[in-house]
Amino acid sequence: MMRTMMRASALACLLATSAFAQQPNSSVETHYARYRAAIERGDVHDAESAATAALDASRQRDGDGGHTATLAYNLALVRIDDGRAGEAIEPATLALRIAEAGSASGLDPLLARLAFGQAQLAISPEQGASSLANALSDAAQRTDLDDRAFRAAAALGTWALEREQYEVARVAWAQAVAHVRGQAPADILARERARTAQAVAMIAEHAANERAAARDQAYALLSDSMDALYPFAIEQMANGEITPFQAAYAEAAGWRAYGRATYTPRELVRQTDLQGRAVCETYWSGGSGVAALLQGAFDGRTGVGVFRIIIDDAGRIVSIDTAFATPPQDFSTSITPHLARLRARRASGAEPGCLMPQVIFQTIVFVGVLR
């Protein structure tokens, strides 16, 4: 993952500057070559070391000219994408100052602003949030900046959710969604996770009014995310671990159940697998009294749990795992023994020739909905 992130971001600007590669060998070029090799290996430590050396050599040789701005930007991104955004403030500030001084820097000023905003968010959150919001607004129509704009929007959205600034979070996550345009599995996963976060911000923003239209809109967003993620979510890993798609699907399902507007209709949507085959609707048998046991096990608290249940060809439960819970809970002794009594059956109205799923997600809301 880190190799992909670093390739897609840190190299993009520098590799586009062909003049750099055409210059005679120097300490700048030598360090840059080592930096590129480290990027290819996914070696963050060596990439940072080489990027630092290349920047120092460029500043010594060219001052603020040459490729100093781009080299500073690269160093900033290595640190930002390694989860150390605060440590990126110095090179990000340098890159921004040079980029905004003139076009000769070779660095797009808006890219520099996005990187600077992420770094600033880590050390001066309110100022950084403002910087990022402004940069993201300017990047809205820049499809060439989608990768960095997505990461910047996700950083702002995450920060805002954690600090309960729900309007900021909603806008930021909507921007993140808009910057994922591909249809590869990784694109779908990133987009739907962002869409789920956008919906969560909307639910929280209108927590006092469960009949708010925004809650209805959030429910629709979460339903769309579930539909997009489902074909991937019913695929299993050989080791039985919960996959990223399963975790994302469960989170969307959990929030949809937890934050649903009271008047929002529940619609049944035809589900398919990755090959487009219809997946059977199912129901649980053997559940007499299970609902009361589940409510009692949750001890009167409000919350939701989404369970990934693996079944065999006869519908018997093979394993039960908690894929999502809010608030976080350990259901291994309180809930899963009761669920294990159930058996999956094909619904009588299921589409003829449908595929009986071996992965079923069961959402259970305890006591009430989010207030």
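Where a number appears in this text, it was derived from the coordinates with a stated rule and is not lab data. Just so it is clear, the model here is predicted, and its values are computed rather than measured. For neighbour counting, all protein chains shown are included, and Cβ atoms are generated from backbone atoms with ideal geometry for every residue, glycine included.
What number, in percent, do you get for the relative contact order of the chain if the mean sequence gap of Cα pairs under 8 Å and at least 6 apart is divided by its residue count?
Relative contact order here is 10 percent.
Here the simple spin-label model places points 7 Å from the Cα toward Cβ, and for Ala101 and Gln127 these points are separated by 2.0 nm. Each stretch of four or more DSSP H residues adds -39500 (n - 2.57); spread over every residue of the chain, this sum gives -18000 deg cm²/dmol at 222 nm. Between the Cα long axis of helix 89-101 and the first principal axis of the chain there is an angle of about 60°, rounded to the nearest 10. If R0 is taken as 25 Å, the Cβ-Cβ distance between Ala278 and Arg316 corresponds to a FRET efficiency of 0.65.
Each peptide among 269-276, 79-86 gets the average number of other Cβ atoms lying within 10 Å of its residues, and from highest to lowest they stand as 79-86, 269-276.
Full-extension gain between Ser332 and Ala347, please, as 0.36 nm times their residue separation minus the C-alpha to C-alpha distance.
Extra length available between Ser332 and Ala347 comes to 2.6 nm.
So what's the angle, to the nearest 10 degrees on a 0 to 90 scale, between helix 146-162 and the longest Cα principal axis of the chain? Long axis of 146-162 versus the principal axis of the chain: about 60 degrees. When the square roots of the Cα gyration tensor eigenvalues are ordered a ≥ b ≥ c, the ratio a/c for region 168-262 is 1.5 or more and a/b does not exceed b/c, which makes its shape oblate. Extension gain for Glu164-Gln183 works out to 3.7 nm (0.36 nm per residue, less the C-alpha to C-alpha distance). Helix 68-81 and the longest principal axis of the C-alpha atoms of the chain enclose an angle of approximately 20°. Take the Cα of Thr143, go 7 Å toward its beta carbon, and the backbone nitrogen atoms of region 183-210 under 16 Å from that spot belong to 183-184. Positive end of the charge dipole of the chain (Lys, Arg +1 and Asp, Glu -1 on Cβ, about the Cα centre): tell me which of Leu132, Ala50, Gly254 has its Cα farthest that way. Toward the positive end, the furthest listed residue is Gly254. Sticking with the crude label model, points 7 Å out along Cα→Cβ, report the distance from Leu355 to Asn209 in nm, one decimal please. Simple spin-label model gives 4.3 nm for this pair.
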